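The values are calculated or read from the model by the stated rules, or taken from the named source; none is laboratory data. Everything numeric in this text was worked out from a predicted model, so none of it was measured. Glycine also receives a Cβ, built like all others from the backbone with ideal geometry; neighbour counts cover every protein chain displayed.
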Ligand code: FES
């Protein structure tokens with residue numbers, strides 16, 4: 001397959017584009033976040049300026065360029081592919097504030113019961129309405145009436161039409177009860193977002209430590225898939241604490257990343273040694289998070305050069321924070337997100 005190299009200015013980011021693939025699709029596939037909207041040549045949001053090389057149209061577009069845009073060499077990244085290696089001026093999104101809030105009517109395409117307490121919900125957006133988001137952000141899922149919940153997107157921003165969410169079956173939780181017992185494939189779910197600033201700093205080259213509690217693993221699935229798309233080279237260590245043995249519902253999938261990511265290490269942790277259905281007391285969970293923190297500092301006695309991301313209820317994650325800061329972690333390199341249950 002013929003591939004061409006694209007260099008973006010001013011970011012100096014580079015990526016390959018395949019024959020017949022739009023420059024936009026290639027950028028998204030490789031984990032870059034660019035401005036776009038319709039993906040089909042109508043809105044003009046993906047306008048960029050060709051600086052060097054040749055592009056050719058790969059799909060129809062309706063957007064009408066102004067005379068000024070024509071004179072400046074504007075192109076649509078969703079409708080053009082590269083005929084030679086090219087240099088293009090196109091701004092990349094730098095932070096969560098660059099991404100607009102979107103409301104999208106999605107369709108349930110799969111309800112994957114990965115164990116008896118966890119469902120991975122797969123939603124599909126309409127063809128011309130990808131969800132733009134950064135790895136780690138969350139959206140509001142609206143299934144009607146009181147069945148509304150903020151959930152982290154678990155899938156990669158590079159696959160923005162097919163979205164995944166991890167749903168835990170908490171007793172007495174009306175939203176989870178609906179997903180487990182009533183929701184069907186082809187049902188509509190309205191999503192709104194993205195929200196939040198808990199995102200992977202993919203410009204940092206520092207070693208990364210991720211500490212997840214239960215379904216707090218969801219944003220880390222997104223971040224790790226994004227890290228694979230970007231081919232990040234620094235060490236990444238994932239500590240995943242669950243209540244009970246057998247609770248690492250994506251353990252085998254995570255182990256497959258060991259091959260895809262250089263320097264990736266996976267450390268599964270369990271709070272309770274016994275298999276039991278009912279949850280642990282809050283005290284036992286806090287003790288387990290403290291123990292996870294102690295394991296991190298045993299493995300990495302000097303945290304001054306690391307970035308650490310934590311996701312779990314903040315009533316629990318604080319148990320590990322002081323220990324990490326006492327071992328040299330810089331406050332501004334600690335990123336904490338609470339698992340959203342409301
Ligand atoms: S994204 Fe709308 S024209 Fe390219």
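Take the residues in the stretch 205-222 that are under 14 Å from residue 336 (Cβ atoms) and within 9 Å of the chain's Cα centre (by Cα), then tell me which one is surrounded by the fewest Cβ atoms within 10 Å (Cβ to Cβ).
For the stretch 205-222, the residue satisfying everything is 220.
Out of everything in the stretch 17-33 that is surrounded by 22 or more Cβ atoms within 10 Å (Cβ to Cβ) and not in a loop (DSSP other than H, G, I, E, B), what residue ends up being farthest from the ligand (Cβ to nearest atom)?
17
All but one of (1) closer than 19 Å to residue 9 by Cα; (2) within 12 Å of the ligand (Cβ to nearest atom) hold for residue 52, so report the exception by its number.
(2)
Here's the yes/no breakdown for (1) surrounded by 14 or more Cβ atoms within 10 Å (Cβ to Cβ); (2) at pLDDT 95 or above; (3) in contact with a strand residue (DSSP E or B) (Cβ under 8 Å, 6 or more places away or on another chain):
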| site | (1), (2), (3) |
| --- | --- |
| 9 | yes, no, yes |
| 15 | yes, no, yes |
| 39 | yes, no, no |
| 42 | yes, no, no |
| 85 | yes, yes, yes |
| 99 | yes, no, yes |
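Might you check whether a residue that is surrounded by fewer than 18 Cβ atoms within 10 Å (Cβ to Cβ), within 20 Å of residue 207 (Cα to Cα) and in contact with a helix residue (DSSP H, G or I) (Cβ under 7 Å, 6 or more places away or on another chain) occurs anywhere in the stretch 303-321?
Checked against the condition, which is being surrounded by fewer than 18 Cβ atoms within 10 Å (Cβ to Cβ), within 20 Å of residue 207 (Cα to Cα) and in contact with a helix residue (DSSP H, G or I) (Cβ under 7 Å, 6 or more places away or on another chain), the stretch 303-321 yields no hits at all.
Return the residues of the stretch 56-87 that are in contact with a helix residue (DSSP H, G or I) (Cβ under 7 Å, 6 or more places away or on another chain) and away from the ligand (no atom under 11 Å from the Cβ); say none if nothing qualifies.
Result: 81, 82.
From the list 292, 271, 229, 288, which residue is within 30 Å of residue 27 (Cβ to Cβ) and either without any contact (Cβ under 8 Å) to a residue 12 or more places away in the chain or surrounded by 18 or more Cβ atoms within 10 Å (Cβ to Cβ) (or both)?
Matching residue, one of 292, 271, 229, 288: 229.
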